[in-house]
Every structure is written in C-alpha cells, then in structure tokens.
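Beneath this line is the structure, given in structure tokens, with notes to follow.
The values are calculated or read from the model by the stated rules, or taken from the named source; none is laboratory data. Model, not experiment: these values are computed from the prediction. Cβ atoms come from the backbone with ideal geometry, glycine included; neighbour counts cover every protein chain shown. The protein model used for the area step is the full one, side chains on, heavy atoms only, and it has no ligands, DNA or RNA in it. Shrake-Rupley method; radii C 1.70, N 1.55, O 1.52, S 1.80 Å.
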Amino acid sequence: MRVEKVLNNNVVVALDDKGVETVLMGRGLGFSRKVGDTLEEAGIEKRFTLHNEQLSDKFQQLITNIPLTHFMMSERIINHAKIALGKQLSDSIYVTLPDHISAAIERYREGITLPNPLLWDIRQFYRDEYAVGLKANEIVLEETGVQFTEDEAGFIAMHFVNAQVGGEIREVYDMTLLMQEVFRIIGEEFGTKPDEESLDYYRFVTHLKFFAQRIMSDQQYGDDEADLLEVVKFKYPRSYACAQRVCAYVEKERGFRSGQNELLYLTIHIARVTGKGDD
C-alpha cells in the first residue's frame, strides 16, 4: 500500500496494488508518513473503500473532524446493524451515522437533548431499525458513559432506514425532485449555489431525504419549538424566508403542511449550507 494522503496521525489514504483509493486506520499509522511511503500490513487495524467518489471525499473530511473513537464506535454499531437487519446498506451510512453520533455525544455533554416527534411511528413502523437504535444507545453508554434517550435511538434508527438499498423507484424520484427544487429556491434567494463538497451540504441533503420520507408518509414533525423558531427567524431572516418558500412549494405540490419544527430545521440548514447566513 502506498500513501497518497495523510489525514492525521492515525489515518491515511493509500492506493492498493490496483490503484484503488482506500482509507486506512491504525494507531500512529500516519505519524511521520509522507506521500509515496509504503505501508506495512501489520500496522493497519481498519480499512475502508468507498466506491462513490463524493462519499469517499465526505468520509475523509469527517475523519478529520470527529474523534477517531467516535468513528470506531459507529462502525461497531453498523456491523451490528448489518447482522441484525440482514439487509444491504449504502456506504453513506459510514458518513451519516458517525457524523450524527459524534454530534449527539457533544450535545448530550452540553446538556442538550432533542425530542423526537416521530418516535411512536418509528417504534411502530421500523421496529428492527429501532432495536438497532437501542443497541446503539447501549454501545455509546458502554464506550463513552453518555446515556442517550429513546428519542435518540429513534433518530439513529432512521439513519438505517435511509441507508437501506432497494427502495421504491418512485420514492427515489420524489426525493430527487424535492432536492432539486429546494436548491433551485436557495439559488434564487441567495444568488449562489451551495458548496456541494462541504459537510454542511451533505448534512442538508440527508435532512431533505428524511423530509421527503415524512412528506410521502404524511408524518408531521410537530409544532413544539415555536420559541426557538422566533429566535432563529430573527437571526436568519433570509434563510427563514427561503425555508418558507420551500414549505409553500411542498404544500402546493404535495398537499403537505409543514409544522414549525420543520420550518426551524430547514432555516438552520439553509443558513449553514449557504455559508454566509443572512449577511
């Protein structure tokens, strides 16, 4: 294996004998390494090859932005899910789940927990995935001492629902149309396109996929964050106006009336993905 890029002391990107780009992990694996160095197999503890180039780029960004222990813990959860669900999972789970787990751990350590308004539905309609979410809670507690709530297990479950390969073509088509229209509206509102290589863009796309699923199943996200919405509306007026346009489009085209929580999360994501807020 030949080193192509050093991400940190424990993670490098290397090319195998066939020229395939692979992310390699191991304690001290990247220390004092230079591009072109040859790696010995003995020091490699984990390897990941993502065949989608955009996913591979996001994966590499993520590895440099979250603790390695959070990623390794997420991989343990994913391996459990593969066995428990017995279904093929998209490589995207190696980006979306570690990102979510790491951010959630930081939130909980700051005393911030989020209610999951769809928890009852997740328990009912995605029982196997919810069981994986509960197992993830156990693993996080065991490895970090952070006690996730059942609401968090529901959020984790939806990542596995979203990552399952083989959904209905019509659903994929509807999701694609929604995302195209949302980014068209953002382009009109801000006169610019979001950075498609950024993590904020990837997080927003993930949120839009969940949004599309709620639209197709006619599941509301609730209206219990009115006070926080007022704060966000004041801080990001253009992003809020843009989110209103998105919700108006969804109501007109699909007859789906978005709640205040949906408007809140859309506003926050739009503010982040534009990169310039409401300057």
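Helix-only mean residue ellipticity at 222 nm, the chain, DSSP H runs n ≥ 4 weighted -39,500 (n - 2.57), per residue, nearest 500. What is it?
The helix contribution divided over the chain gives -20000 deg cm²/dmol.
Note down the net charge around Leu24, summing +1 for each Lys or Arg and -1 for each Asp or Glu among other residues with Cβ under 9 Å from its Cβ.
Counting the neighbours of Leu24, the net charge comes to +1.
Obtain the radius of gyration and the Kirkwood radius of the chain from its C-alpha atoms and give Rg over Rh.
Taking Rh as the inverse mean 1/r over Cα pairs, Rg/Rh reads 0.98.
Dividing the convex hull volume of the Cα atoms of region 218-273 by its residue count, what figure in Å³ per residue is obtained?
In region 218-273, the Cα convex hull volume per residue is 66 Å³.
Taking 7 Å along the Cα-to-C-beta vector as the label spot, tell me the Thr149-Lys34 distance in nanometres, rounded to one decimal.
Here the answer is 5.3 nm between the modelled labels.
With labels modelled as points extended 7 Å from the Cα through the Cβ direction, what inter-label distance (nm, one decimal) is found for Arg254 paired with Ile112?
With each label placed 7 Å out from Cα toward Cβ, I get 2.6 nm.
Hey, what's region 187-279 come to in accessible area per residue, 1.4 Å probe, Å²?
For region 187-279, the per-residue accessible area is 52 Å².
Expressed as an acute angle from 0 to 90° and rounded to the nearest 10, what is the orientation of the C-alpha long axis of helix 127-144 relative to the principal long axis of the chain?
For helix 127-144, the angle is close to 60 degrees.
Roughly speaking, what % of Cα-Cα pairs in region 94-135 are separated by over 13 Å, rounded to a whole number?
66 percent
Dividing the convex hull volume of the Cα atoms of region 1-160 by its residue count, what figure in Å³ per residue is obtained?
Given the Cα convex hull of region 1-160, per-residue volume reads 120 Å³.
I'd like the orientation of helix 93-109 relative to the chain: the angle between its Cα long axis and the longest Cα principal axis, in ° from 0 to 90, rounded to 10.
Long axis of 93-109 versus the principal axis of the chain: about 70 degrees.
Keeping the other protein chains in place, figure out the carbon and sulfur percent of the accessible area of region 61-181, with a 1.4 Å probe.
Here carbon and sulfur together make up 51 percent of the probe-accessible area.
Suppose each label sits 7 Å from its Cα in the direction of the beta carbon; what would the Glu138-Glu196 distance come out to in nanometres?
My value for the distance between the label points is 4.2 nm.
Could you pull out the GluC sites (Glu not before Pro) across region 92-166 that fall in loop regions by DSSP (anything but H, G, I, E, B) with no more than 12 other Cβ atoms inside 10 Å?
Answer by residue number: Glu110.
Taking every pair of alpha-carbon atoms in region 39-99, give the share separated by more than 15 Å as a whole percent.
Summing the P(r) of region 39-99 above 15 Å gives 55 percent of all pairs.
Name the trypsin sites (Lys or Arg not before Pro) in region 73-158 that are in a loop by DSSP and that have at most 16 other C-beta atoms within 10 Å, would you?
Passing sites in region 73-158 are Lys87.
Tell me the per residue accessible area of region 79-133 using a 1.4 Å probe; a whole number in Å² is fine.
On a per-residue basis, 51 Å².
Anything over 27 Å Cα to Cα? Flag those among Lys193/Lys252; Lys135/Lys233; Lys5/Lys46; Lys34/Lys58; Lys87/Lys209; Lys135/Lys209, in the order listed.
Lys135/Lys233
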